[in-house]
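**Student:** I have a structure I would like to understand better, so I am pasting it below and will then ask my questions one at a time.
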Amino acid sequence: MASAQAATDGDEAHVVCESIHLGFGGRDVFVDLNCEMVAGHVTVLMGTSGTGKSTLLRLIGGLQRPDAGSIRVAGSELSGLAEVGLAEVRTRLGMLFQNGALLDSMTIFDNVALPLREHTKLARDQIAAEVRDRLDAVGLEDVEHLLPGELSGGMLRRAALARAIIESPEVLLCDEPFSGLDPPNVERIEGLLTRLNRERGLTVIVTSHHMASSLRMGHRIILLKDKAAVSGTPRELAMSEDSEIHDFIGADGAAYLKTLSDAEAAS
Ligand SMILES: Nc1ncnc2c1ncn2[C@@H]1O[C@H](COP(=O)(O)OP(=O)(O)OP(=O)(O)O)[C@@H](O)[C@H]1O
Ligand SMILES: [Mg+2]
């Protein structure tokens, strides 16, 4: 899999989080957190458990409000929006949440079609065409009449991904899309997210604990630590002299840098 290109100045930010403060029950999760996600990039959110990766996705999705600070998604300042405005912004976001399950009693087709049936007035055949396009995009064939219980874990994750992109979002938020999957399925989901980003121009924001995969797929990585965010290209983070970052990235960082230098030497 080819590695992502580095970000350059002048890239347009699709999501901007500025001076975010958030705490629960007197315990701070974010203190003056600042980060941005570039349009058309894959950004990977990393950090040890409890650093706030899922919470940051929820903030961006307008499902959680910060105690202070500004979150702009595609130019819309979320703090100024009431529920109706947030709902409008959410139509531009696709969300695949941690353990975000499909509805057990509905076929895969109906699960993927559900957002279109709920939010649009598309005719039946248009909905069918959209559903088939997305199932095709995630490599699922001949499963539309099956129930979720009849699919493997990897297929279920791909079906959930098809549902997350059914309304053609500009930004796809994915919380731990690789969790619980075996290495071939991790690679398959990684390949799919990379392809959706390249071919459909989706801005992808994904949380992951898979270091090697994150270094490969991320144009940028945002590392949550000390209640704030450190951002950089995979190369920058893998070369970081900060001992905490170095330890966090571990052996995968060295392997990634070796792959880059081998590729440069061969070209
Ligand atoms: N609604 C909530 N009420 C109280 N505490 C919360 C709430 N949401 C998140 N937290 C706390 O905020 C912190 C960050 O949680 P979060 O789930 O975002 O971490 P994470 O980085 O996604 O962890 P993991 O890698 O385990 O998924 C945790 O300490 C969690 O307990
Ligand atoms: Mg989480």
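**Student:** Say we look at the stretch 172-186 and pick out the residues that are on the phi < 0 side of the Ramachandran plot and touching a residue at least 40 places away in the same chain (Cβ under 8 Å); which of these is surrounded by the fewest Cβ atoms within 10 Å (Cβ to Cβ)? If you could, list the steps in order and put the result at the bottom.
**Tutor:** The first filter runs over the stretch 172-186 and keeps only residues on the phi < 0 side of the Ramachandran plot, leaving 172-175, 177-179, 181-186.
Retained after the next criterion (residues that are touching a residue at least 40 places away in the same chain (Cβ under 8 Å)): 172-175, 177, 179.
Numbers: Leu172: 23, Leu173: 26, Cys174: 27, Asp175: 22, Pro177: 26, Ser179: 15.
Only one residue tops the list, namely Ser179.
**Student:** For the stretch 217-240, give me each residue that is part of a strand (DSSP E or B) and surrounded by fewer than 19 Cβ atoms within 10 Å (Cβ to Cβ).
**Tutor:** Once the filter is applied, which keeps residues that are part of a strand (DSSP E or B) and surrounded by fewer than 19 Cβ atoms within 10 Å (Cβ to Cβ), the stretch 217-240 yields Lys225, Ala228, Ser231, Gly232.
A quick yes/no check of all residues on (1) more than 19 Å from the chain's Cα centre (by Cα); (2) closer than 26 Å to Ser54 by Cβ:
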residue: Thr91; (1), (2): no, yes
residue: Phe109; (1), (2): yes, no
residue: Ala113; (1), (2): yes, no
residue: His119; (1), (2): yes, yes
residue: Gln126; (1), (2): yes, no
residue: Ala137; (1), (2): no, yes
residue: Pro148; (1), (2): yes, yes
residue: Leu151; (1), (2): yes, yes
residue: Arg157; (1), (2): no, yes
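**Student:** Restricting attention to the stretch 75-112, which residues are assigned to a loop (DSSP other than H, G, I, E, B), surrounded by 15 or more Cβ atoms within 10 Å (Cβ to Cβ) and of a type in the set (A, V, I, L, M, F, W, C)?
**Tutor:** Leu81, Phe97, Leu102 - these are the residues of the stretch 75-112 that are assigned to a loop (DSSP other than H, G, I, E, B), surrounded by 15 or more Cβ atoms within 10 Å (Cβ to Cβ) and of a type in the set (A, V, I, L, M, F, W, C).
**Student:** Related question: Go through the stretch 9-31 and report how many residues are touching a residue at least 24 places away in the same chain (Cβ under 8 Å) and within 16 Å of ligand 1 (Cβ to nearest atom).
**Tutor:** Selection size over the stretch 9-31: 9.
**Student:** Can you tell me which residues in the stretch 30-40 are under 15 Å from His14 (Cβ atoms), surrounded by fewer than 24 Cβ atoms within 10 Å (Cβ to Cβ) and not small (Gly, Ala, Ser)?
**Tutor:** Residues satisfying the conditions are Cys35, Glu36, Val38.
**Student:** Within the stretch 202-233, can you find the residues that are closer than 30 Å to Glu167 by Cβ and of a type outside the set (A, V, I, L, M, F, W, C)?
**Tutor:** Hits for the stretch 202-233 are Thr203, Thr207, Ser208, His209, His210, Ser213, Ser214, Arg216, Gly218, His219, Arg220, Ser231.
**Student:** Then there's this: Which is assigned to a helix (DSSP H, G or I) and within 16 Å of ligand 2 (Cβ to nearest atom), of Ser261, Ser214, Ser179?
**Tutor:** After applying the criteria, what remains is Ser214.
**Student:** Go through (1) modelled with pLDDT under 90; (2) assigned to a strand (DSSP E or B); (3) of a type outside the set (Phe, Trp, Tyr) one by one and return the number of the condition Asn185 breaks.
**Tutor:** Here Asn185 clears every test but (2).
**Student:** I'm trying to understand the selection: among the residues of the stretch 48-63, which are within 9 Å of ligand 2 (Cβ to nearest atom) and among the small types (Gly, Ala, Ser)?
**Tutor:** Selection gives Ser49, Gly50, Gly52, Ser54.
**Student:** Same structure again: Tell me whether the stretch 50-70 contains one or more residues that are within 17 Å of the chain's Cα centre (by Cα), surrounded by 16 or more Cβ atoms within 10 Å (Cβ to Cβ), within 11 Å of ligand 1 (Cβ to nearest atom) and assigned to a strand (DSSP E or B).
**Tutor:** Among the residues of the stretch 50-70, not one is within 17 Å of the chain's Cα centre (by Cα), surrounded by 16 or more Cβ atoms within 10 Å (Cβ to Cβ), within 11 Å of ligand 1 (Cβ to nearest atom) and assigned to a strand (DSSP E or B), which makes the answer no.
**Student:** Go through the stretch 194-211 and count every residue that is modelled with pLDDT under 95, out of contact with any Gly (no Cβ under 9 Å at 6 or more places or on another chain) and surrounded by 20 or more Cβ atoms within 10 Å (Cβ to Cβ).
**Tutor:** The number of residues fulfilling the criteria is 2.
**Student:** Output the residue which, of all residues in the stretch 137-148 that are surrounded by fewer than 16 Cβ atoms within 10 Å (Cβ to Cβ) and modelled with pLDDT under 95, is nearest to Ile189 (Cα to Cα).
**Tutor:** Restricting to residues being surrounded by fewer than 16 Cβ atoms within 10 Å (Cβ to Cβ) and modelled with pLDDT under 95, the top hit is Gly139.
**Student:** Going residue by residue through the stretch 119-133, is there one that turns out to be modelled with pLDDT under 90 and either in a loop (DSSP other than H, G, I, E, B) or in contact with a Pro (Cβ under 6 Å, 6 or more places away or on another chain) (or both)?
**Tutor:** For the stretch 119-133, residues modelled with pLDDT under 90 and either in a loop (DSSP other than H, G, I, E, B) or in contact with a Pro (Cβ under 6 Å, 6 or more places away or on another chain) (or both): absent.
**Student:** Give the residues of the stretch 134-169 that are among the small types (Gly, Ala, Ser), part of a loop (DSSP other than H, G, I, E, B) and within 19 Å of Asp182 (Cβ to Cβ), sorted by residue number.
**Tutor:** Gly139, Ser152, listed by residue number.
The values are calculated or read from the model by the stated rules, or taken from the named source; none is laboratory data. Keep in mind that this is a model prediction, so the values were computed, not measured. Here the Cβ is made from the backbone with ideal geometry for all residues, glycine too, and neighbour counts use every protein chain on show.
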